[in-house]
Amino acid sequence: MSHPKQERTLVLIKPDGVQRSLIGEIIHRFERVGLKFLALKMIIPTKKQAENFYPSNEEWFLSVGNKTIKGYEAKGIKLDRSPLKQGKFVKKILVDFMTSGPIVAIVLQGNEAVKIVRKLVGSTEPLSSDVGTIRGDFNIDSYTMADVDQRAVRNLVHASESVNEAERELKCWFKEEKILRYNLVQDKILYDVNLDGIKE
């Protein structure tokens, strides 16, 4: 088993985050908490890259479709689409959004990096994200507004939901040899067992 400090996760600063000039602010949040940047690049995703990034299996379509339909029903709205069709529609609008302009793809490493990043990012809907999170502090979009406009919610960043998902997603954007391994001075403070060598 690898050490918890070696856990990796993927963050994508989405087109809305880039267009709103929030790249530095978002990166700063991850640096400030002590996560290590192993790779970073700016690209405009192709349709194929975006389609490969989001799952295409029936289980995912049904899960997303059912979740969306339940959200509509809670607002008193009945959808005509089946869960499968709704899931495919959600994937289409996500792909459209991710290919609309440049994104910044980032590999981060640190103790329980997946959970830490998810906590910093906030919940998927900016409107319901807590103050102090990236989405809560820098965005006012909502599911309701996105639904009215038939588009993906603009929530600035993508963050992997689990360690397994992170490892799958990393391969969509980075070759393993492009993910760096190096030491940071701060690693000693965060992870050294005895804090050796601090005193003169």
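The set of residues in the range 1-20 that are modelled with pLDDT of 95 or more, within 21 Å of GLY110 (Cβ to Cβ) and assigned to a loop (DSSP other than H, G, I, E, B) contains only GLU7. Surrounded by fewer than 16 Cβ atoms within 10 Å (Cβ to Cβ), polar (S, T, N, Q) and part of a helix (DSSP H, G or I): is that true of THR124 in this structure? Taking the combined requirement at face value, the residue does not satisfy it. Evaluation of GLN49 against the conditions (1) modelled with pLDDT under 90; (2) surrounded by 15 or more Cβ atoms within 10 Å (Cβ to Cβ) shows that the sole unmet condition is (1).
Here's the yes/no breakdown for (1) touching a residue at least 60 places away in the same chain (Cβ under 8 Å); (2) among the hydrophobic types (A, V, I, L, M, F, W, C); (3) under 28 Å from GLY132 (Cα atoms); (4) crowded, with 19+ Cβ neighbours inside 10 Å:
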site	(1), (2), (3), (4)
ILE13	yes, yes, yes, yes
GLY17	yes, no, yes, yes
GLU31	no, no, yes, no
LYS36	yes, no, yes, yes
ILE69	no, yes, no, no
ASP80	no, no, no, no
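Considering LYS91, LYS78, the condition of being among the charged types (D, E, K, R) and in contact with a Phe, Trp or Tyr (Cβ under 6 Å, 6 or more places away or on another chain) is satisfied by LYS91 alone. Among the residues of the range 149-200, those that are among the β-branched types (Val, Ile, Thr) and surrounded by 12 or more Cβ atoms within 10 Å (Cβ to Cβ) comprise VAL153, VAL157, VAL163, ILE179. Among the candidates ILE134, ILE116, ILE140, ILE93, the residue that is assigned by TED's automatic domain parsing to the domain that holds PHE53 and either in contact (Cβ under 8 Å) with a residue 60 or more places away in the chain or surrounded by fewer than 16 Cβ atoms within 10 Å (Cβ to Cβ) (or both) is uniquely ILE93. Residues in the range 164-200 that are among the hydrophobic types (A, V, I, L, M, F, W, C), touching a strand residue (DSSP E or B) at 6+ places or on another chain (Cβ under 8 Å) and over 19 Å from ILE103 (Cα atoms): LEU180, LEU184. Just give me the residues in the range 93-115 being in a helix (DSSP H, G or I) and within 21 Å of LYS171 (Cα to Cα), in sequence order. Matches in the range 93-115: LEU94, VAL95, ASP96, PHE97, MET98, ALA113, VAL114, LYS115.
The values are calculated or read from the model by the stated rules, or taken from the named source; none is laboratory data. Quick caveat: nothing in here was measured; it's all calculated off a predicted structure. We place every Cβ from the backbone using ideal geometry, glycine too, and count neighbours over all the protein chains shown.
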